[in-house]
Structure formats: C-alpha cells, structure tokens
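A quick write-up on the structure given underneath.
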Amino acid sequence: MSYFLTPEAIFEMENGFATGNNEKLRTLISHALTYAPLEVVEHAFENCTFICLEKGGAFFPNSLIGARNIIVFPNSIYTWSTDRQIRTILHEAAHNFLGHHSLAEPDFDMYLLDYDDQEAQAWSQVKSWLSRSGYTKPEKERS
C-alpha cells in the first residue's frame, strides 16, 4: 500500500543531492511530491537530478548521459501558480516513473511515435496521484 509524505519529510529525504542544494527548487519539489506516493518520491530521488535553466522543461533519461535522469524546469517555474507548479513537477516525475523516452534520445523516430502516448500516460498518472492524495486546487487559484 502506498502512502504520501509531508513536504518537510520529503525535504529531509531529498537532502539536497537531487536538486544540487538549490533550496528554492528543493522546497518546490518537496511540496509538489507530497501528492505522489512514497514509491514515486523514492524513485525520483534515486534516479533523477532536478535543475532549473533560463529555458527548460524536459526529461532526459540516463541512457543519454550514463548517469541520473535529468529533469529540467524553466526558471519561470518560480512565478507560476502553485497548481501549475505541482502539475508540471508531477508530470515530469511521471515520465521518469513510467520509464518514458525523451526528445534527446538517439532514436528520435521512436520518440516521435511514442510522444502523444507518453504525454497522455504522464497526465493520466498525474491525475491519478492527485485524486488519490486528496489534492484540491488552491482556493486563491480557483476560477
């Protein structure tokens, strides 16, 4: 049976390694991953490095670089609504958890064939996690 952790527990669990000791990103990731089951959080921290760049928003599997998977977010993520931050972080974590391909992989044709399916699977996984965790959109962001 899976269970969900508090942001504080995830922050301590991460210990700065997966976020390169970027405290702002570490806090953001810790908050978003409270809506994912423990096994997803563990999988992300064991296999991924999260970074922010001027322009970003991608998943690069370890098959490309022979190390950890890289999840890149744009620096603008800090200015997004909380709901968009959570959904975006969970979406990229879902690609990792589901073992998806990436745009940057050598077999680009295979990626193109799988792209729509992978996106649909990732968003479906996010929806499932949010539903199971009892997530509700922050009141100030409801329309």
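Considering only residues of region 131-141 that are assigned to a helix (DSSP H, G or I) and in contact with a Ser or Thr (Cβ under 9 Å, 6 or more places away or on another chain), which is surrounded by the fewest Cβ atoms within 10 Å (Cβ to Cβ)? Among residues in region 131-141 that are assigned to a helix (DSSP H, G or I) and in contact with a Ser or Thr (Cβ under 9 Å, 6 or more places away or on another chain), the one surrounded by the fewest Cβ atoms within 10 Å (Cβ to Cβ) is K140.
In this structure, is P7 out of contact with any Lys or Arg (no Cβ under 8 Å at 6 or more places or on another chain) and modelled with pLDDT under 90? Can you show your working first?
Values: out of contact with any Lys or Arg (no Cβ under 8 Å at 6 or more places or on another chain): yes; modelled with pLDDT under 90: no.
So P7 fails the test.
So for region 104-119 (the condition being modelled with pLDDT under 95, within 16 Å of the chain's Cα centre (by Cα) and closer than 23 Å to T19 by Cα), does at least one residue qualify? No, that holds for no residue. In region 127-141 there is no residue matching the filter, namely being modelled with pLDDT of 85 or more and in contact with a strand residue (DSSP E or B) (Cβ under 9 Å, 6 or more places away or on another chain).
Looking across region 32-62 at every residue that is in a loop (DSSP other than H, G, I, E, B) and at pLDDT below 90, the one that is nearest to L130 (Cα to Cα) is identified as G57.
The values are calculated or read from the model by the stated rules, or taken from the named source; none is laboratory data. Just so we're clear, the structure is a prediction, and the values are computed from it rather than from any experiment. So basically every Cβ, Gly included, is an ideal-geometry build from the backbone, and we count neighbours across all protein chains shown.
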